[in-house]
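To start, the structure under review is shown below, and the notes come after it.
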Amino acid sequence: MNVPLNVPILPGLAVLAPDYDGYILDVWGVMHQGGPAYPEALACVHRLREAGKRVAFVSNAPRLAAQVERVLNGKGVDATRYDAVVASGDAARRALADRAHPPFDGLGTRYHLLGPPGSDDVLDGLGFSSAGIDRADFLLGIGLDDGRETVEDHEAMLQAAAVRDLPMICVNPDLLVIRLGVQEPCAGALAARYEAIGGRVRYYGKPYADVYELALDALGLPPARVLAVGDGLATDIAGANAAGLDSLLITGGLLADALDLAPGAAPSAHDLDEACRAASARPSAALTTFIW
């Protein structure tokens, strides 16, 4: 019989704030969900900054940090509210900039883009070029192609790539995102399907180590003094577990959608336990929303 995880659901971040000097904050699901930033989340970050805490936003957006910063700034999260922004695109670019060492030694320079036109700027200036499936050396997984709204719509292309044994570089491991209450598949869903048909995938972003290394370097703090906050058990929380960080689960994001919870409602202890076990992830604590 499984021993209960007993993850506490707290009334607000203030209970934990004195225990940490730095915070790694997810963006989508914590600060916003496709619309304006949540007022309580903005207030929460303001309180952290007033208390002298260091803050790094870490996003699985398959973009570079400057683009994520522009989105944050446009939602009222200006540069005074954080010390750094790290995106999965930064981690992928850093790795792909040096093809002399594993896992990219010998990787060719021609890629086939999975994602909207122009979304491949993570490779700008690195000597790569776009190509069709028949000439590409690898797949660059940014998101779904324009006009193809489901993973199934990409099946023929994925099968053709698998026949050629093209590796995929997935720059967003998320399976889905909730945009204003509607589920949308992400590059991670394409990567999961590609692996299922025998394709090889290299991931960048949470829960993988590269983005945590960048974030911890930016914060300049030891892992024991940093709390990671996010709404994704399989990404934010599992990644924090692997990086040796304490973590705080926001249950009002992906988990609320999975459990069909009403806005602001907390999951039962049993349901939270089951979800954590299913994701092989264990948060240190939970909040329904990112609130002080």
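ARG93 meets the conditions (1) in contact (Cβ under 8 Å) with a residue 60 or more places away in the chain; (2) closer than 16 Å to VAL122 by Cα in every case but one. The failed one is (1).
State yes or no: is LEU158 among the aliphatic types (A, V, I, L, M) and over 14 Å from the mean Cα position of the chain (by Cα)? Yes. Residue count for the stretch 105-151, restricted to those that are of a type outside the set (A, V, I, L, M) and under 23 Å from CYS186 (Cβ atoms): 21. Number of residues in the stretch 18-35 that are touching a helix residue (DSSP H, G or I) at 6+ places or on another chain (Cβ under 7 Å), of a type in the set (D, E, K, R) and either over 23 Å from ILE169 (Cβ atoms) or outside any loop (DSSP other than H, G, I, E, B) (or both) equals 1. Checking each residue in the stretch 245-265 for being open to solvent by 50 Å² or more (accessible area, probe 1.4 Å) and at pLDDT 90 or above picks out only ASP246.
Within the stretch 167-175, does at least one residue satisfy the condition of being within 24 Å of GLY232 (Cα to Cα), surrounded by fewer than 19 Cβ atoms within 10 Å (Cβ to Cβ) and within 14 Å of the chain's Cα centre (by Cα)? Spell out the reasoning first.
In the first step, residues of the stretch 167-175 are kept if they are within 24 Å of GLY232 (Cα to Cα); the result is 168-175.
Going one step further and asking which of them are surrounded by fewer than 19 Cβ atoms within 10 Å (Cβ to Cβ), we end up with none.
Looking through the stretch 167-175, none of the residues is within 24 Å of GLY232 (Cα to Cα), surrounded by fewer than 19 Cβ atoms within 10 Å (Cβ to Cβ) and within 14 Å of the chain's Cα centre (by Cα).
Within the option set ALA224, ALA191, being at pLDDT 95 or above and either aromatic (Phe, Trp, Tyr) or within 22 Å of HIS112 (Cα to Cα) (or both) holds for one residue only, ALA191. Checking the structure you have, find out if any residue of the stretch 84-97 is among the hydrophobic types (A, V, I, L, M, F, W, C), in contact with a strand residue (DSSP E or B) (Cβ under 6 Å, 6 or more places away or on another chain), open to solvent by less than 10 Å² (accessible area, probe 1.4 Å) and farther than 20 Å from ALA66 by Cβ. For the stretch 84-97, residues among the hydrophobic types (A, V, I, L, M, F, W, C), in contact with a strand residue (DSSP E or B) (Cβ under 6 Å, 6 or more places away or on another chain), open to solvent by less than 10 Å² (accessible area, probe 1.4 Å) and farther than 20 Å from ALA66 by Cβ: absent.
I'm trying to understand the selection: among the residues of the stretch 101-120, which are within 21 Å of the chain's Cα centre (by Cα) and more than 19 Å from TYR203 (Cβ to Cβ)?
We begin by selecting, within the stretch 101-120, every residue within 21 Å of the chain's Cα centre (by Cα); these are 113-116, 118-120.
Matches in the stretch 101-120: PRO116, GLY118.
For every residue, the table says whether it meets (1) touching a Phe, Trp or Tyr at 6+ places or on another chain (Cβ under 7 Å); (2) under 19 Å from ALA218 (Cβ atoms); (3) assigned to a helix (DSSP H, G or I); (4) among the acidic types (Asp, Glu).
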{"residue": "ALA37", "(1), (2), (3), (4)": "no, no, no, no"}
{"residue": "ALA43", "(1), (2), (3), (4)": "yes, no, yes, no"}
{"residue": "HIS46", "(1), (2), (3), (4)": "no, no, yes, no"}
{"residue": "ARG49", "(1), (2), (3), (4)": "no, yes, yes, no"}
{"residue": "GLY52", "(1), (2), (3), (4)": "no, yes, no, no"}
{"residue": "ALA56", "(1), (2), (3), (4)": "yes, yes, no, no"}
{"residue": "VAL85", "(1), (2), (3), (4)": "yes, yes, no, no"}
{"residue": "PRO103", "(1), (2), (3), (4)": "no, no, no, no"}
{"residue": "LEU107", "(1), (2), (3), (4)": "yes, no, no, no"}
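Taking every residue in the stretch 147-164 that is closer than 14 Å to HIS112 by Cα and pairing it with any residue that is aliphatic (A, V, I, L, M) and loosely packed, with under 14 Cβ neighbours inside 10 Å, at least 6 positions away or on another chain, the pairs with Cβ-Cβ distances below 7 Å are LEU158/ILE197; GLN159/ILE197; ALA162/ILE197. Scanning the stretch 148-166 for residues being under 20 Å from SER130 (Cβ atoms), part of a loop (DSSP other than H, G, I, E, B) and either open to solvent by less than 80 Å² (accessible area, probe 1.4 Å) or modelled with pLDDT of 95 or more (or both) gives a total of 3.
Restricting the search to the stretch 69-83, which residues are assigned to a helix (DSSP H, G or I) and open to solvent by less than 10 Å² (accessible area, probe 1.4 Å)? Break it down into steps so the answer makes sense when it comes.
Looking only at the stretch 69-83, we keep the residues that are assigned to a helix (DSSP H, G or I), and these are 69-74, 79-81.
Correct list: LEU72 only.
Could you pull out the residue among ARG110, ARG148, ARG94, ARG135 that is closer than 27 Å to ALA215 by Cα and out of contact with any Cys (no Cβ under 6 Å at 6 or more places or on another chain)? Before you say what the answer is, go through the steps one by one.
Working: ARG110 fails: closer than 27 Å to ALA215 by Cα; ARG148 fails: closer than 27 Å to ALA215 by Cα; ARG135 fails: closer than 27 Å to ALA215 by Cα.
Answer to the check: ARG94.
State all residues of the stretch 104-124 that are open to solvent by 70 Å² or more (accessible area, probe 1.4 Å) and either at negative phi or at pLDDT 95 or above (or both); if no residue qualifies, say none.
Hits for the stretch 104-124 are ASP105, ARG110, PRO117, ASP124.
Right, ALA228: over 11 Å from the mean Cα position of the chain (by Cα), open to solvent by 40 Å² or more (accessible area, probe 1.4 Å) and in contact (Cβ under 8 Å) with a residue 12 or more places away in the chain or not? Spelling it out, it is not the case that ALA228 is over 11 Å from the mean Cα position of the chain (by Cα), open to solvent by 40 Å² or more (accessible area, probe 1.4 Å) and in contact (Cβ under 8 Å) with a residue 12 or more places away in the chain.
The values are calculated or read from the model by the stated rules, or taken from the named source; none is laboratory data. It should be emphasised that the depicted structure is a prediction, and the values quoted were computed from it without experimental measurement. So basically every Cβ, Gly included, is an ideal-geometry build from the backbone, and we count neighbours across all protein chains shown. The accessibility values were calculated without ligands, DNA or RNA, using every heavy atom of the protein model including side chains. Shrake-Rupley method; radii C 1.70, N 1.55, O 1.52, S 1.80 Å.
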